[in-house]
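Remarks on the structure that follows.
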Amino acid sequence: MEKTYLQKIEETASYIKDKIGVMPDTAVILGTGLGDLVNHISDARELDYKTIPNFPVSTVEGHSGKLIFGQLGGRYVMAMQGRFHYYEGYDMKEVTFPVRVMKALGVEKLFVSNAAGGMNKEFEVGDIMVITDHINLFPENPLRGKNYNELGPRFPAMTEPYSLKLISLADSIAEEKGIRLMHGVYVGTAGPTFETPAEYEYFRIIGGDAVGMSTVPEVIVANHAGLTVFGVSVITDLGGKDIKEVPSHEEVQKAALKAQPVMTALIKEMMARI
């Protein structure tokens, strides 16, 4: 008999608990080029995605596919090195499955990161943008279909999808450390094409500051599950009617790698203070 969605979540959570033991209350999803944060996790224990029951396997270059448990900034965390994207062909239940498992394991706070294209005229390549809100332009919502009351309400509020308290903490640390920290609204799209100049302009007009192909589904599910969320984007390219540069995945990875030390310092310090 085919397992239900709830049974799959429970089976996966039980497997991870059996392998790792004590579970953290904080998780981090690492985006393109930001996987190096795991090198700052001490006493690390790893699980390959391919060994975890019901877990998809990432197919994108720069997303290695491991769950890592250990100490970061003096805090015990779970890190996802490699996430799943809608454009890879997964459905939204698969894309967000790890967030469901995190909740089942006792995670209360979720940190998400990504690479994004900027259309805010104040942004520069390499900037770090704290996500203050998002606009969901994916063709499917991850909560579409049967709602399991055990997982969250049918119609969850999205009035504070990204924690104002954690944003304030990030601002304080940035001010102390002299980090240039931008704020903005993240537009989530299906991909995998980069945006046309007209699309960049459209996203800017409707209130977006940066655009990417991830994060929004995970954040919707995290809010549905009652998790506190902090999100950050590395601005890896710029777009708009007056921008002539042609973006590529390789350039995105290079820009993300360049911003990595600053991002790592910010997240580590946040972990130490929450």
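Can you tell me which residue is farthest from LEU37 (Cα to Cα) among those in the stretch 261-274 that are open to solvent by 20 Å² or more (accessible area, probe 1.4 Å) and part of a helix (DSSP H, G or I)? Checking each candidate, the answer is ARG273. Note on the stretch 113-140: residues that are under 18 Å from ILE220 (Cβ atoms) and out of contact with any Leu (no Cβ under 9 Å at 6 or more places or on another chain) total 10. When the stretch 134-185 is filtered for residues that are open to solvent by 30 Å² or more (accessible area, probe 1.4 Å), in a loop (DSSP other than H, G, I, E, B) and among the small types (Gly, Ala, Ser), the ones remaining, listed by number, are GLY145, ALA157, GLY178.
The single condition among (1) within 23 Å of LYS121 (Cα to Cα); (2) assigned to a loop (DSSP other than H, G, I, E, B); (3) open to solvent by 40 Å² or more (accessible area, probe 1.4 Å) that SER214 does not satisfy is (3).
Looking across the stretch 1-10, just one residue is free of Cβ contacts under 8 Å to residues at least 24 places away in the same chain and assigned to a helix (DSSP H, G or I), and that is GLN7. Here MET78 does not fit the description of being farther than 20 Å from ASP237 by Cα, among the aliphatic types (A, V, I, L, M), modelled with pLDDT of 95 or more and not in a strand (DSSP E or B). Residues that are modelled with pLDDT under 95 and assigned to a helix (DSSP H, G or I) within the stretch 16-42 comprise GLY35, ASP36, LEU37, VAL38, ASN39, HIS40, listed in sequence order.
Of all residues in the stretch 72-123, those satisfying the criterion of being of a type outside the set (D, E, K, R), out of contact with any His (no Cβ under 6 Å at 6 or more places or on another chain) and more than 27 Å from LEU164 (Cβ to Cβ) are GLN81, PHE84, HIS85, TYR86, TYR87, GLY89, TYR90, PHE97.
Checking VAL107 against (1) modelled with pLDDT of 95 or more; (2) outside any loop (DSSP other than H, G, I, E, B): exactly one of these is not met. Which one? Of (1) modelled with pLDDT of 95 or more; (2) outside any loop (DSSP other than H, G, I, E, B), only one is false for VAL107: (2).
Among residues of the stretch 185-209 that are within 18 Å of SER113 (Cα to Cα), those with a beta-carbon under 9 Å from a residue that is buried (at least 24 other Cβ atoms within 10 Å of the Cβ) and charged (D, E, K, R) at least six positions away or on a different chain give the pairs VAL185/ASP209; TYR186/ASP209; VAL187/ASP209. Can you say whether GLY70 is more than 30 Å from ALA198 (Cα to Cα), touching a Ser or Thr at 6+ places or on another chain (Cβ under 8 Å) and at pLDDT 95 or above, as far as the supplied structure shows? When the stated conditions are applied, GLY70 passes them.
In this structure, is ALA13 farther than 30 Å from GLY117 by Cβ, outside any loop (DSSP other than H, G, I, E, B) and modelled with pLDDT under 95? It is false that ALA13 is farther than 30 Å from GLY117 by Cβ, outside any loop (DSSP other than H, G, I, E, B) and modelled with pLDDT under 95. Going by the structure shown, is GLY89 more than 17 Å from the chain's Cα centre (by Cα), farther than 22 Å from PRO197 by Cβ, at pLDDT below 95 and not β-branched (Val, Ile, Thr)? Taking the combined requirement at face value, the residue satisfies it.
Quick check: anything in the stretch 92-113 polar (S, T, N, Q), closer than 30 Å to LYS241 by Cβ and open to solvent by less than 40 Å² (accessible area, probe 1.4 Å)?
Taking the stretch 92-113 and keeping what is polar (S, T, N, Q), we get 96, 113.
Filter again for closer than 30 Å to LYS241 by Cβ, leaving 113.
Next cut, open to solvent by less than 40 Å² (accessible area, probe 1.4 Å) only: 113.
Among the residues of the stretch 92-113, at least one is polar (S, T, N, Q), closer than 30 Å to LYS241 by Cβ and open to solvent by less than 40 Å² (accessible area, probe 1.4 Å), which makes the answer yes.
The values are calculated or read from the model by the stated rules, or taken from the named source; none is laboratory data. Quantities reported herein were computed from a predicted structural model and do not represent experimental measurements. Every residue, glycine as well, gets a Cβ built from its backbone with ideal geometry; the counts of neighbours run over all protein chains shown. Accessible surface areas use protein heavy atoms only, side chains included; no ligands, DNA or RNA. Shrake-Rupley method; radii C 1.70, N 1.55, O 1.52, S 1.80 Å.
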